[in-house]
1. Report, in debye and to the nearest 20, how large the dipole of the range 4-146 comes out about its Cα centre when Lys and Arg carry +1 and Asp and Glu carry -1 on their Cβ.
2. At 1.4 Å probe size, with every protein chain present, just tell me what the per residue accessible area of the range 427-561 comes to in Å².
3. Using a 1.4 Å probe, what is the accessible area per residue for the range 200-333, in Å²?
4. Search the structure for amide H atoms under 5 Å from the amide H of L281, placed 1.01 Å from N in the peptide plane, and list their residues when 5 or more places away or on another chain.
5. Using a Cα-Cα cut-off of under 15 Å, which aspartates and glutamates could be cross-linked to K35, ignoring same-chain neighbours fewer than 8 residues away?
6. Heavy atoms only, probe 1.4 Å: what % of the accessible area of the range 171-260 goes to carbon and sulfur, would you let me know?
7. Using alpha-carbon positions, what is the distance between the centroids of the range 526-561 and the range 171-186, in Å?
8. Over the range 433-496, what percent of the accessible surface lies on carbon and sulfur atoms, probe 1.4 Å?
Amino acid sequence: IMGELRGHKDSFNIKMEKAKSVSEAEKIRVEYLGKKSPINQAMSYMRMLAPEDKPKLGSVVNAIKAELEDSVAKRKEELETLQIQSQMETERIDVTMPGLSRKGGSGHRHPLSMTMEKAVDIFVSLGYDTVTDIEDSPEIEQDYYCFEALNCPKDHPARDMQDTFYLTENLETLLRTHTSSVQIRQLEKRKPPLRIVAPGRVYRKDDIDATHSMIFHQVEILALEERGKLNLGHLKGTVEHFLKEMFGPDIKVRFRGSFFPFTEPSMEVDVFFRGKWLEVLGCGMVDPNVLTMAGIDPQKYSGFAAGFGVERFAMVIHDINDIREFYKNDRRFLDQFPHFYDEGIVAMKKGEGRTEAAALPVSVEKETDSVAKEEQKEEPKKNKKKKTPPAAPTEIDVSKLDIRVGVITKAWEHTEADKLFCEEIDIGEEQPRTIASGLKAHYNAEDLEGQRVLVLANLKQRKMVGYPSHGMVLCSVNEDGSKVEFVEPPADAKIGERVMVDGFDGEPASENQIIKKKMMDKIFPDLKTNSDGVATYKNQPLSTEAGPCVSQTKMANSQIS
């Protein structure tokens, strides 16, 4: 019996050594260690042995089985390693070779890349230096460069315009919300005169929809010279030249007064393109406070800055109505654009020489190119669902604001911001709203308790220097900003009642919608008090069931903010 077992063992070792795959090794294991294997058959000799010899046979058989099992495991591991190495060698890809689609064609450059490249090239031709190095243009930025050095201190109300991705609990490190931070870094690093153009990726907490994305791209410029060498005329000339290079020489350009914390005066710029006016960028003369923060004497140097969103420009130029198309990587969409910005983009801007497919970049639903047709052949036919066209955009007016009657129940000074009050305001909800307001220069904290106010309620909650602020108190402000006072509801108005304007009775926007700066900019310029001090929107009074709302001392012809 022992000799027979040794023979099976030697035979096993020879076969296992010659095995070329894991499956072959498994077959050998079953042959020699399975239920009907010769090793297990040796146990049948037990009945022929004396009782004292049976344990000896069992011990030998078990030892051989254990040895063979161990050999199987080691050989399988070796074969698996050899199989992986062989697969890696046979499937090896030379990554230095150009990638070619199995359907032909080498692809296209992305429309965002081309738009950004075109814009940068225009400014480079005007003598601007491009700033893109990670050291000078980091996407992970410090609060100082993104806000404070741009004339937005921690208690500045302009910070309410931005929803920021903070990376640390102390709110000092963040994903940059604009490329304006590059300007500050350059002002610290270089001495004027200077001209820079800074393209890059930025981040904001936006709800993703047809016109908004959490990640997008901006291009900003900064020009600085000795005081007196650059003025508003130079800024307007530069912007107009740039826009005509981007959109074509036949466009009309108009400038509107606006507000940005880092420029004064500030302007927003529109172009008349393809039959309608479109807002495209913001600009202004650099605020002296920004220069001072960067260590530059504003009495010696002055200049201008401008910035725009790349996605916005690409959507306007190419008639794209959904920003999400840029990020889908759908070849049917990308194939509609030229390889480089100087190949056919001028004709596309004028609407000349465009193929049917190129004229439809707003949608990729129709299979208009050869790639789509090939995909239809390769894939089984599916039931196509008709997509409903996007709803027409709703009018932006005061009805988007959810203005509520409230009363301040508690007020105290903010411990970390010398210009802010912290307030608790009852607007008819289960819990009072906590709101931070910049009223310290105009009121005492003890005077606020019991004050009836109007609260803009559908703002997202955010921290104002650590204090959770959820809403905004409406006040009237005189022309030079020296006088600020509450807009008061009638004495009989119910707490929590919504303030309405005759002729504007739409549903208020959600918190995520109303926080958009552009929506605020569209509505608030038309919120004013009339000659009697009554709060109005487009000359219609803001009213409750008890009557109109009035500025506290009936301050006439003042802006409401």
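The values are calculated or read from the model by the stated rules, or taken from the named source; none is laboratory data. Given the structure is predicted, the values throughout are model-derived calculations rather than measurements. Here the Cβ positions follow ideal geometry from the backbone for every residue, glycine too, while neighbour counts run over all protein chains shown. Areas reflect the complete protein model, heavy atoms only, side chains present, ligands, DNA and RNA absent. Shrake-Rupley method; radii C 1.70, N 1.55, O 1.52, S 1.80 Å.
1. Charge dipole, the range 4-146, about its Cα centre: 1880 debye, nearest 20.
2. The answer is 49 Å² per residue.
3. Heavy-atom accessible area per residue stands at 43 Å².
4. It is V269, by chain and number.
5. K35 reaches E26, E69.
6. Of the solvent-accessible surface of the range 171-260, carbon and sulfur hold 49 percent.
7. 39 Å
8. The C+S portion of the solvent-accessible surface of the range 433-496 is 45 percent.
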